[in-house]
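Comments concern the structure below.
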Amino acid sequence: MKAMTLGKRQKNITLASVFTVAGVLYCLISLVNHFLFKTYALDLGLYTHAMYDYVHFRIDDCSMFKDVPQRILSDHFDLYLVLFSPLIYLFGTYTLLVVQIVAVLLGGWGVYKLIGLYTDDDWIPLLASAAFLFSFGVIQPFGFDYHSNVVTAMLLPWLLYFIKQGRYGLASLFVVLFVIGKENMSLWLLFVVIALMWDYRKDKRALWHLVAYAVFSIAYFFIINMIVMPKLGGNGGGFARYAHLGDNYLDIAKNLLMNPGETIRLLFVNTNGLPRFDGVKAEFYICALTTGLVLTLLKPNYLIMLIPLIGQKMLSIDGMFWGISVQYSVEFMPVIIISSFLVIIRLKKQAWRLALAGALLLSVILTTLYTVGVPKAYVSPESICVYQGRHYEQKRFDARYARELIRQIPDDASVCAASMFVPHLALREQIYDLGNRPNPHADYVLITQPYFDVTVYWKKAFPDRDAYETVATDGTIYLLRRK
């Protein structure tokens, strides 16, 4: 199999160029959004406040948006926030956004290293990493805050890399890092290792490790979801999206397996009945096919990895899960891109390999441009379209003045704020999202004019308006202080 090689300097320049463009793009989306107050209490504000609590040896109780105390780990069993919490002293309220950017770039590097194990052709790993870094499922999450499943998905290329190399100590470490990202990641990992058993069916050492990972994954899933989270006071908020399928995980699995025809139908139809979600599922499938899923069909064991992802995405009653937007497609990308390039590598002629890899990269980029421009699923253009001027504007209020008001609030004061201000105020002991948890006893209130006009907020949060005085306002943003 003839390979096309590059000089070391040429390869390094090309690789650095790809990752630099990707990194700049991610920063232009994510960091600009935060700077211009286009990040929100849910989810960046909540997770940033959780890190503040962790680094002060407290467990967050979700008081930011819930009246009844509830441990954040009972809502999502995410231990990454514990690990990342010391970084707030370096990056402040930007911490999780920086972590997410670095994680995705490392994921792209993992794709490059993994594909490089299968071929001597220098171009194929470069094209694979580029296709991954610019895929719609990777780009879209940057338009909406931070989510730990993005970080978890970036571990998959490295897990496959270490298994391929037979470095099972590091592979085992990544298995642990994989499952602690979120309570559902262990279920995905189970299907990942089952799929890999076909590739390593003749390698007894690898098979034994994969079996051990499978047992660990399913045990972790049931212990966390059926014992630990309920004990912590979980109210089934995430599970409620699938309650129409059964009363518990085992009941849901039974119903889906016993009615395969109905299960398949649910994967394609609008199950919540809202017209705005018509065609959203089909749009995702088409975009996945043009991003490489059509080639994944030629490596069918990798389709096993997609089973839990398709299930949790399309069987939810929440239509926001179904489409191409935000963070609900990111886990598909490493599976689809890696499997596609493993298929491309099989081609005997180098010209065919390069032609198909280049065509796939072009298709990926065109698909991504479609998903940030004119998709059927909901996308906020001002949060993700870096090629448009409105992305760099905050039209609802003066962002510079908002930052000036935030600087006037003492670090030890309790604050109740509009959602877009909460992430910037989250590094304090008490912070409340006015839209979800109005608090009449907060020391300071930071809101915009619409919060005065929508009386439900004012009446619920501040029955005694006379208890607050206006510290500063430009007629659009108001900083209030309790007398």
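The values are calculated or read from the model by the stated rules, or taken from the named source; none is laboratory data. All values derive from a computational prediction rather than experimental measurement. Quick reminder, even Gly has a Cβ in these numbers, built from the backbone with ideal geometry, and neighbours come from all protein chains shown.
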| Can you tell me which residues in the range 412-429 are under 13 Å from F65 (Cβ atoms) and polar (S, T, N, Q)? | S419
| note | When restricted to L210, L189, the only residue closer than 30 Å to C62 by Cβ, modelled with pLDDT of 95 or more and surrounded by 14 or more Cβ atoms within 10 Å (Cβ to Cβ) is L189
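For a quick check of your reading: which strands (runs of 3 or more DSSP E) sit entirely within the range 402-451 and have at least 3 residues that are not acidic (D, E)?
Numbers: elements: 415-417, 431-433, 444-448.
By residue number, 415-417, 444-448.
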| Residue among I139, I101, I115 that alone is assigned by TED's automatic domain parsing to the domain that holds I227 and more than 15 Å from the chain's Cα centre (by Cα) | I115
| remark: Among (1) at pLDDT 95 or above; (2) under 25 Å from Y54 (Cβ atoms); (3) touching a helix residue (DSSP H, G or I) at 6+ places or on another chain (Cβ under 8 Å); (4) not aromatic (F, W, Y), P410 falls short only on (3)
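When you go through M64, M51 one by one, which is the residue that is in contact with a Phe, Trp or Tyr (Cβ under 7 Å, 6 or more places away or on another chain) and part of a helix (DSSP H, G or I)?
Values: M64 fails: part of a helix (DSSP H, G or I).
After applying the criteria, what remains is M51.
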| task | Considering only the range 349-374, state which residues are among the charged types (D, E, K, R) and either surrounded by 15 or more Cβ atoms within 10 Å (Cβ to Cβ) or in contact with an Asp or Glu (Cβ under 6 Å, 6 or more places away or on another chain) (or both). | result | R353
| Flag for V32 being not basic (K, R) and not in a helix (DSSP H, G or I) | no
| field | First in the range 259-280 and free of Cβ contacts under 8 Å to residues at least 60 places away in the same chain, second anywhere and aromatic (F, W, Y), Cβ under 6 Å, 6 or more apart | value | N270/F277
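Consider K38 carefully, then state whether it is at pLDDT 95 or above, charged (D, E, K, R) and within 26 Å of L446 (Cα to Cα). Please lay out each step first, then the result.
Values: at pLDDT 95 or above: yes; charged (D, E, K, R): yes; within 26 Å of L446 (Cα to Cα): yes.
The answer is yes for K38.
With Y200, Y161 as the choices, which residue is closer than 30 Å to S30 by Cα and not aliphatic (A, V, I, L, M)?
Working: Y200 fails: closer than 30 Å to S30 by Cα.
One residue alone meets the criteria, Y161.
Out of the residues in the range 103-141 meeting the condition of being outside any helix (DSSP H, G or I) and not small (G, A, S), tell me which one is surrounded by the most Cβ atoms within 10 Å (Cβ to Cβ).
Our first condition is that a residue be outside any helix (DSSP H, G or I); within the range 103-141, this holds for 117-122, 134-135.
From what is left, the residues that are not small (G, A, S) are 117-122, 134.
Numbers: L117: 11, Y118: 17, T119: 20, D120: 11, D121: 23, D122: 18, F134: 21.
Selected residue: D121.
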| query | For the range 51-72, which residues satisfy the criterion of being touching a residue at least 24 places away in the same chain (Cβ under 8 Å) and among the aliphatic types (A, V, I, L, M)? | reply | M51, V55, M64, I72
| Looking at (1) among the polar types (S, T, N, Q); (2) more than 26 Å from Q100 (Cα to Cα); (3) modelled with pLDDT of 95 or more, can you tell me which one N255 breaks? | (3)
| field | Single residue of the range 269-313 satisfying the filter (modelled with pLDDT of 95 or more and polar (S, T, N, Q)) that is farthest from N184 (Cα to Cα) | value | T290
| message | So, restricting to helices (runs of 4 or more DSSP H) that lie completely within the range 171-278, which ones have at least 3 residues that are within 15 Å of Q312 (Cα to Cα) and assigned by TED's automatic domain parsing to the domain that holds L303? | response | 185-199, 249-258, 260-266
| field | Filter result for the condition that a residue is small (G, A, S), in contact with a helix residue (DSSP H, G or I) (Cβ under 9 Å, 6 or more places away or on another chain) and farther than 29 Å from K8 by Cα, over A153, A130 | value | A153
| said: From the list Y328, Y285, exactly one residue is surrounded by 19 or more Cβ atoms within 10 Å (Cβ to Cβ) and without any contact (Cβ under 8 Å) to a residue 40 or more places away in the chain. Which is it? | reply: Y328
